[in-house]
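The structure appears below as structure tokens.
Read-outs throughout are calculated quantities, based only on the coordinates presented, and are distinct from any laboratory measurement. Treat the numbers as computed from the prediction; the structure is a model and nothing was measured. Every residue, glycine among them, receives a Cβ derived from its backbone with ideal geometry; neighbour counts consider all protein chains shown.
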Amino acid sequence: MKPVQLNAGELQQIVNATQAIVQELDTIKRSRTYRIAKRLRGTFPGRVVAKVWKLASLSRQIYVQTRSRLVAAKRSGLSVIRQQVPELSTKMIGLVRPVQSDYARLKVVGRNPNSQGAELWILAAKNSKGFVELNSINLYGSWSVREGLGYQGRLALVCSQDGWADIPCSDDTRVMLLRHPWSGIVEICSNSCCRRFDLYKAQSDHIIVSLADLEVRDGLPLSENSVRSNFDFSLVQNGSSLNAPIAVVNPSWRGVYSSTKNLFDYVLEVPDSLDEGSGLSYARMLSGTGCPVVVIQGFPHSYHYLVTSMRRLAPKVRIAVLWHGTFLQHHYDFDWQSFRSVDRLYREGIIWKVGFVKQRMAEIMANRGMRTGFVRNFVRDIPERPSDPLPEGPHFGMWFLYSGPLKNQLTMLAAISTFSQSKTHISGADERLIEFIRFMEIGAHIVDKVVDQRLIKFYLSKMHLNLYVTLTECAPMLPLESLSVGVPCLMGPSNYYFDDYDYLRERLIVPQPDDAGLIADYMQRALEERSDIIAAYKKFAPDYNLLAMKSLADFVELDLTPKCI
């Protein structure tokens, strides 16, 4: 840091101001009020008042800081988790924060002597309107979120020591809690009544408790027998049938959703929160269209209610699944259990065919006797010319939903650090990525929330270059979306894009994604050949898109004429 240089006039102003402060302090010390307060502080009552005042000030400071973090978390769409503050124990917070009238409080109060811990696992909370959103649950103490370990692959909330959860409840709200060898004793308070449940059990299972009367129930409540549809039923009128496949997709799955909207003309969005009633309603909706094939995108766990109801209502409608994952992802419980469900339903004859967006995966599963197909991902939009990026720069985009080693963000950031005048725009960054950005002194604009799906192409178009050099992917949509708006996007070698187009493969596919220096070389060449790359993609896309649509037609075994490509 350079030393600050002051002239004589500025130095004199500082000296005068300092003298004025000293004089004011001397006046205060000579005052009668100050002398009385000083003598009082030396007495026992004075010391007690001082400590109470200090504790109150600290509590206020902690409250303000925690409140600001919670507001930021809610704005970013993240689950609201009130972490334990070391200076103020959760027991003290509990004394000043009684449970609200429309909430139920679940609190860890002890452990069974046979238990190896005192954990509280909340697997799900649900009422007749659906599952309770995590960001509406107030958590205090040491909590963590476990992906894929909740009910039907949802997020689970886990308290490992002192803490509690305030869950909004109605007359029919029920909560599912895990019982296993590490579980503790939980006290549930609702409507001025409390009851304790020992969750320890040598063999893991779960317990469902009604938050209204604190009684154990057999299952979660069914959702109201009504569903919302985004499907345009005006397409099927006067008893006519739709001679085209309808895709069913979970709108929360960003990449899968983008793939589906590009591949299919008719799409029904169904959240992963089905039960018997809502699954039956969607099945009636689909069977009423008369479509010959329904294609499930991926397989959200609750979709088994939909496919089993479809089988009963419309046995002639063929149900297919298009799998958007890889073998590597089967390491995760949600993906593995989902794929096992697909395999079981196929063996039972409920699912007719299983497609994959990785060709070799389709071939391997075909060797196991499964009727399969290979479907190529594509984006319908084709750029006219390179986009107009933000001024100055260069500007690099890294658009992610979350951070993790397989996403390879640290290596890409290391490559970016070699461009001294660059500006990086990044979403989905965790604390480690932010720390690394500061450590490498990278100029960055960190987007504190996930970019809206409807705006992602706008953000992509404002970059000189987008980066998606991940260690593993299935058939990622973001690189194609970037190219479709006139911006090159580097990617890893784990996809089939540009296998038959040497120029684009040699410019956009980084063969060694863990080599930051190599990524930097590819970035430099992509910046220099930005216009040529987009011109090459404009030439490549029409034929490739037709090939992708043909792969879908072959999979569903229908003669498809797309509305537009």
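Which of the pairs 316/353; 261/358; 261/423; 423/462 have their Cα atoms more than 20 Å apart in this structure? The pairs that break the limit, which is 20 Å between Cα atoms, are 261/423.
For the stretch 395-545, compute Rh as the Kirkwood radius over C-alpha pairs and then the Stokes-Einstein diffusion coefficient at 37 °C and 0.692 mPa s; write the answer in µm²/s, rounded to an integer. Walk me through the numbers before you get to the answer.
On the way: Rh = 15.3 Å.
It diffuses with D of about 214 µm²/s by this estimate.
To one decimal place, what orientation-averaged projected area in nm² is obtained for the convex hull of the Cα set of the stretch 242-374?
7.5 nm²
Roughly what would the spin-label model give for residue 418 and residue 430, points 7 Å off Cα along C-beta, in nm? Between residue 418 and residue 430, the label points sit 2.7 nm apart. In this rough spin-label picture, where each label sits 7 Å from Cα along the Cβ direction, the residue 535-residue 133 distance is 4.9 nm.
Express the Stokes-Einstein translational diffusion coefficient of the stretch 82-217 in µm² s⁻¹, to the nearest whole number, given a Kirkwood radius over alpha-carbon pairs, 37 °C and a viscosity of 0.692 mPa s. Approximately 222 µm²/s, per Stokes-Einstein.
Kindly state, as a whole number, the per residue volume in cubic angstrom of the convex hull around the alpha carbon atoms of the stretch 269-333.
Given the Cα convex hull of the stretch 269-333, per-residue volume reads 90 Å³.
Of the GluC sites (Glu not before Pro) in the stretch 428-515, the ones in a loop by DSSP (not H, G, I, E or B) with at most 10 other beta carbons within 10 Å are 441. For residue 103, the residues whose amide H sits under 5 Å from its own are 169, ignoring neighbours fewer than 5 places away on the same chain, with H placed 1.01 Å from N.
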